[in-house]
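Data first, discussion second: the structure below is written as structure tokens.
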There are 2 protein chains.
Amino acid sequence: MLDIVRQDTDENPSGADRVFTFFRDRLLSGELKAGDRLLGERELALTLGVSRPVLREALRSLAMLGLLDIRHGRGAYVRSADASVLGQALTLCLAPEPNILDDVLQARIAIECQAIRLACLRASERDLQAIAALLDTLVDSLNDPETGGGADYAFHLAIVRASGSSALMKIYEAISPLLMRSHVERRRDTFREPAITSGLVEAHRQVFLALAQRDPDEAERRLRAHFAIGDELRRKNLISTYQGQGKAS
Amino acid sequence: MLDIVRQDTDENPSGADRVFTFFRDRLLSGELKAGDRLLGERELALTLGVSRPVLREALRSLAMLGLLDIRHGRGAYVRSADASVLGQALTLCLAPEPNILDDVLQARIAIECQAIRLACLRASERDLQAIAALLDTLVDSLNDPETGGGADYAFHLAIVRASGSSALMKIYEAISPLLMRSHVERRRDTFREPAITSGLVEAHRQVFLALAQRDPDEAERRLRAHFAIGDELRRKNLISTYQGQGKAS
DNA sequence: CTGTCTAAAGTGGTCAGACCACGGACTGAC
DNA sequence: GTCAGTCCGTGGTCTGACCACTTTAGACAG
């Protein structure tokens with residue numbers, strides 16, 4: 001006997017679902033491009049055979065995904081999805097997890113290590129010069145945690161960019177806002193400690209040299225060593241935090 | 001003279017935006033949990049002080065992000081965001097790029113190499129036994145591309161799981177549907193070539209041995225060697241494809 | 001002719017009320 | 001106890017009206 005299974009809601013898509021799919025497909029195929037302006041809601045609803053509130057449901061969903069920019073009084077414009085939608089999705093996925101930042105750091109290490117390997121093979125001379133300039137900026141801003149943190153991030157971002165991989169770049173950009181604080185805070189914690197600062201600078205320099213020599217294994221090794229310095233700092237911070245508590249009690 | 005700047009729309013959030021934020025914040029904070037059922041639309045709209053279509057705009061947006069499951073006649077239920085929303089976001093981000101699959105493979109390599117390093121440090125004995133069993137399954141299904149492809153994927157997924165990193169796991173799960181075809185197709189291309197098949201099996205075995213010996217550098221090296229076999233296959237396929245065309249013309 | 005101001009038109013944002021479609025619970029008949 | 005029908009609560013959709021913002025066109029003054 002044939003089992004009568006419940007119809008999945010996808011078999012009878014709602015009006016809003018149909019409109020959403022209509023636009024998403026055209027966005028994915030490139031038929032609709034960033035900057036394109038959609039017809040007005042009233043005309044569009046008529047054309048697509050739905051009521052205006054139903055159309056608005058679909059358009060609002062697309063807007064929340066960063067695919068449309070809806071402007072009051074002006075119209076709805078197509079946007080290209082950027083890394084922020086990916087970052088939002090990642091935040092939503094990881095929200096229930098404890099120690100998100102430490103875990104996201106693992107993803108950052110993963111992306112950067114693969115990126116620097118690819119960069120050793122693919123980076124142009126211009127890429128290398130840009131990264132060298134950012135290394136200089138990093139050195140020049142040792143006494144300014146905000147600028148230094150920004151230069152630190154830019155140095156790493158330029159390496160990922162030099163990989164020539166959009167996937168790696170998008171994921172990195174999605175992750176970075178979550179981790180941006182750590183760049184700046186580490187600078188705040190360390191910029192008055194010359195031994196640590198020079199160690200960090202030297203680590204960055206070694207990373208760049210291995211990249212410039214286009215040695216993937218060495219570049220990854222140096223990059224991992226650079227991250228290990230951060231691990232050491234976090235451990236020392238934990239120790240001093242708990243010793244501080246011991247004294248208080 | 002004070003320049004009169006245009007008010008950003010974020011300063012005057014629309015009703016739907018406010019409702020969306022209301023729910024997203026409660027989902028992120030854990031105040032709303034998977035399985036929770038929302039009040040009915042009419043009551044909810046009254047409670048939040050918006051009309052029903054406005055509420056529906058917000059709820060629909062949350063549903064499209066995978067955060068709600070709206071059931072006709074039954075109500076709206078909270079879902080926890082899973083990797084599919086991340087995968088959708090990634091697809092949207094990368095849609096304009098050429099050679100998406102090759103590029104996403106780089107992200108896969110990045111994730112797996114970091115994951116296996118972590119797994120060397122963190123995997124339980126149970127993890128290792130599960131991975132060993134999946135290696136056996138992989139070996140046993142050499143003559144069946146579908147099962148073999150699935151076993152291949154499961155082997156790799158178990159390694160990522162053994163890393164104990166949610167971020168790596170979520171990204172890997174987001175990426176995998178895009179790459180699932182390559183697991184199965186490679187099996188189709190190779191399962192009748194014993195030299196290649198035994199090479200693949202040996203590569204997987206070496207990966208597992210390094211992991212069981214908890215040697216992060218060796219495990220990563222073996223894993224990269226395993227991926228290099230895939231590179232070689234893809235290159236040979238390209239050569240034979242173009243040689244085939246040469247004969248036709 | 002040019003610049004300014006105002007009104008109208010076009011656009012999105014919202015509301016209220018009515019009706020349709022689905023799912024589940026309850027009741028009555030067999 | 002089972003089955004069918006009805007009712008209720010829920011989501012899905014539509015229509016029409018009105019509000020808020022932006023742009024355009026026309027009138028008027030210098």
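Read the figures in this text as sums done on the coordinates, not as results from a lab. What you see is a predicted model; the values in this text were computed from it and never measured. Note: ideal-geometry Cβ built from the backbone for every residue, glycine included; neighbour counts use all protein chains shown.
The helix-only estimate of mean residue ellipticity at 222 nm for the protein assembly as shown, built from DSSP H runs of length n ≥ 4 each weighted as -39500 (n - 2.57), is -25000 deg cm²/dmol after division by the residue total.
Normalised by the number of residues in segment B:1-112, what is the relative contact order in percent for Cα pairs under 8 Å and 6+ residues apart? Over segment B:1-112, the number comes to 23 percent. A simple spin-label model places pseudo-atoms 7 Å from Cα toward Cβ; at B:ARG71 and A:GLU97 they are separated by 2.9 nm. Structural descriptor for segment A:63-186: relative contact order 31 percent, calculated from alpha carbon pairs under 8 angstrom and at least 6 residues apart. Of B:THR91, B:THR21, B:THR47, the residue with the greatest mean-square motion in the GNM of chain B, using alpha carbon springs below 10 Å, is B:THR47. Remark: label point of A:GLY35 defined 7 Å out from Cα along the Cα-Cβ vector; separations to the same position in other copies 5.1 nm, ascending. Spin-label model, B:SER14 to A:ARG235: label points 7 Å out along the Cα-to-beta-carbon direction sit 5.3 nm apart. Estimate the FRET efficiency between B:SER51 and B:SER80 by the formula 1/(1 + (r/R0)^6), using the beta-carbon distance for r and 22 Å for R0, to the nearest 0.05. That gives a FRET efficiency of 0.15. Between B:ALA132 and A:ASP140, the modelled labels are 5.8 nm apart [label points 7 Å from Cα along Cα→Cβ]. Inter-copy label distances at B:HIS72, shortest first and taken from points set 7 Å along Cα to Cβ: 3.4 nm. Across identical copies of the chain, A:PRO96 has label-point separations of 3.5 nm, listed in ascending order, with the point defined 7 angstrom from Cα along Cα→Cβ. Once you sort the root eigenvalues of the Cα gyration tensor of segment B:85-248 as a ≥ b ≥ c, which label holds: rounded (a/c under 1.5), prolate (a/b larger than b/c) or oblate (the other case)? Oblate, since a/c reaches 1.5 and b/c is not below a/b. PRE reach from B:VAL201 (point 7 Å along Cα→Cβ): which of segment B:140-178 fall under 19 Å by backbone N? Under cut-off, by backbone N: B:140-156.
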